[in-house]
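Here the structure is laid out as structure tokens; the discussion comes afterwards.
The values are calculated or read from the model by the stated rules, or taken from the named source; none is laboratory data. Quantities reported herein were computed from a predicted structural model and do not represent experimental measurements. Please note: Cβ atoms are built from the backbone with ideal geometry, for glycine as well, and neighbour counts cover all protein chains shown. For accessibility, only protein heavy atoms count, side chains too; no ligands or nucleic acids. Shrake-Rupley method; radii C 1.70, N 1.55, O 1.52, S 1.80 Å.
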Amino acid sequence: MGDVLLQLWYSDWVLLAFTVLIFEVPRYTFSLVSLTALTLGRQRPHAVAPALRVSVVMPAFNGADGLLHSIASLRAQTSPPFEIIVIDDGSVDETLAIAERARADGLIDLVIHHTNRCGRSAGVNAGARFARGDLILTVDPDTVFAPTALALMTAAFSDPRMAAVSCNISVKNESASIWTELQALEYLMSISAGKAFLRQFEGISCTSGACSLYRRDIFLYRGGLDVGPGEDIEFTLRLRRFGYRIGFVPEAWAATMAPESFISLARQRQRWDRDALRVRLIQYREAWPFRSESLADTLQRLDFLIFDLVPTLSLPFYLAYCTVLFGPATLTFLAGVSLLLLALNLFNIALAGLLFNHKPRLFNVLIAPVFPIYQGLLMKAVRFWAFTSELLFSVSRHDDFVPPRVRRALLTPDL
């Protein structure tokens, strides 16, 4: 260990300082500390919910398992929705039968049936055209809400410039596997802490696909969701380009299902990361430095470029540099970095628990030593593969999340 410290002392400090960025040492610690400073001793203003009607639009593809639970949580809201619309998107399970029974029992108001799968975006857009409310809440069928979630989200629209709002999200099946436990910690850091910090300077760049609330007139006027990949981030950036405000309500909670195996998790994250890269860098050209934009737009761009893109694409080259620098002691150096990340992670968990009234479970603490490796190396390797495959081969053009016939129509519009 002494040899490693000696090599560190005589090394290039600029390159070594890049370790902080590569392994995301400051990202969530800075967010949490800043949030604490901003909220300490400050009374949170009580927003009065405007008299706006909420139409729930719930697209469901093979969503039979969670559909009734999601509907029940919506009906149990302190401020219940005006109507609930379920779109069965060509499901081959019992989704349509369950939805029809729920409609007959008065639990939902309308069922739209797509004989063939059209995709989530097309389902939301179809439901939005039939909705009669002032606001549209887009919901996945595996999402359940805390009783006050809808009232808290609706209150954000007391600002007439607000076009879209998302809420805090936790993992519903947190205890299912070590992967869901790790995702629960990740959600606490990236969504609860990350988005709560970004909203301080209006830097929200993506409303959640699991649950987002939109002004219906703006949603329809601006064309609804893109039916291609990455519809949630694309529509959020589109609204930002038109000058609308995007909100995040950390006090409003929803819970959604997370992948339980590493293979399922890696597939999900590759799709998310490919879509983010395609939309941000190719479609919206966010890496282009010469832009006329607000400070908030600049900061939300830099958040992606500095904390996601640069560290991810630099990771293998930086590991190679460390190997050349330290030789056989590379693993010792990385172990030291992991210990630093572990200490910061335990601090982050404790601080996030205080800020968001989240009581850490015992297993959260027990898996804390694994979390730096999960987030700093494993998931970054998954993101590296997603970014490089998208840059080199445009893999998102073949994403099976978009139905093949919809994808063919997008890529060959003249046919």
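Could you tell me which of the residues Arg280, Arg274 is charged (D, E, K, R), crowded, with 17+ Cβ neighbours inside 10 Å and over 15 Å from Arg240 (Cα atoms)?
On the way: Arg280 fails: over 15 Å from Arg240 (Cα atoms).
When all the criteria are applied, what remains is Arg274.
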| query | Has region 149-159 got at least one residue that is touching a strand residue (DSSP E or B) at 6+ places or on another chain (Cβ under 8 Å) and within 20 Å of Val86 (Cα to Cα)? | reply | yes
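Of the residues Phe347, Phe363, Phe317, Phe304, only one is under 24 Å from Thr388 (Cβ atoms), part of a helix (DSSP H, G or I) and open to solvent by 60 Å² or more (accessible area, probe 1.4 Å); which? Talk me through it step by step, then tell me what you get.
Details: Phe347 fails: under 24 Å from Thr388 (Cβ atoms); Phe363 fails: under 24 Å from Thr388 (Cβ atoms); Phe304 fails: open to solvent by 60 Å² or more (accessible area, probe 1.4 Å).
Answer to the selection: Phe317.
Can you go through Thr312, Thr330, Thr323, Thr298 and tell me which one is in a helix (DSSP H, G or I), surrounded by fewer than 19 Cβ atoms within 10 Å (Cβ to Cβ), under 20 Å from the mean Cα position of the chain (by Cα) and at negative phi? It would help to see each step written out before you state the result.
Numbers: Thr312 fails: surrounded by fewer than 19 Cβ atoms within 10 Å (Cβ to Cβ); Thr330 fails: under 20 Å from the mean Cα position of the chain (by Cα); Thr323 fails: under 20 Å from the mean Cα position of the chain (by Cα).
None of the other options fit; the residue is Thr298.
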| Number of the exception - Arg280 against (1) touching a Phe, Trp or Tyr at 6+ places or on another chain (Cβ under 7 Å); (2) basic (Lys, Arg); (3) outside any helix (DSSP H, G or I) | (3)
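Within the bounds of region 396-407, is there any residue that is surrounded by fewer than 16 Cβ atoms within 10 Å (Cβ to Cβ) and hydroxyl-bearing (Ser, Thr, Tyr)?
Residues of region 396-407 that are surrounded by fewer than 16 Cβ atoms within 10 Å (Cβ to Cβ), as a first pass: 397-398, 400, 404-405.
Applying the additional criterion that residues be hydroxyl-bearing (Ser, Thr, Tyr) yields none.
The answer is no; no qualifying residue exists.
One residue is enough: does region 207-215 have a residue meeting the conditions free of Cβ contacts under 8 Å to residues at least 24 places away in the same chain and under 20 Å from Gly247 (Cβ atoms)? Outline the logic, then answer.
Initially, region 207-215 is screened for residues free of Cβ contacts under 8 Å to residues at least 24 places away in the same chain, giving none.
No; the residues of region 207-215 include none that is free of Cβ contacts under 8 Å to residues at least 24 places away in the same chain and under 20 Å from Gly247 (Cβ atoms).
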| Among the residues of region 212-257, how many are at pLDDT below 95 and open to solvent by less than 10 Å² (accessible area, probe 1.4 Å)? | 2
| request: Considering each residue of region 52-73, count those that are in contact with a helix residue (DSSP H, G or I) (Cβ under 9 Å, 6 or more places away or on another chain), in a helix (DSSP H, G or I) and among the hydrophobic types (A, V, I, L, M, F, W, C), and give that number. | output: 4
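Looking at Ala287, is it modelled with pLDDT of 80 or more and either assigned to a helix (DSSP H, G or I) or among the aliphatic types (A, V, I, L, M) (or both)? Lay out the reasoning, then the answer.
On the way: modelled with pLDDT of 80 or more: yes; either assigned to a helix (DSSP H, G or I) or among the aliphatic types (A, V, I, L, M) (or both): yes.
So Ala287 passes the test.
Pick out the one residue from Phe197, Phe157, Phe201, Phe145 that is in contact with a Cys (Cβ under 8 Å, 6 or more places away or on another chain) and of a type in the set (Phe, Trp, Tyr). Full working, then the answer.
Numbers: Phe197 fails: in contact with a Cys (Cβ under 8 Å, 6 or more places away or on another chain); Phe157 fails: in contact with a Cys (Cβ under 8 Å, 6 or more places away or on another chain); Phe201 fails: in contact with a Cys (Cβ under 8 Å, 6 or more places away or on another chain).
Within the list Phe197, Phe157, Phe201, Phe145, the selection yields Phe145.
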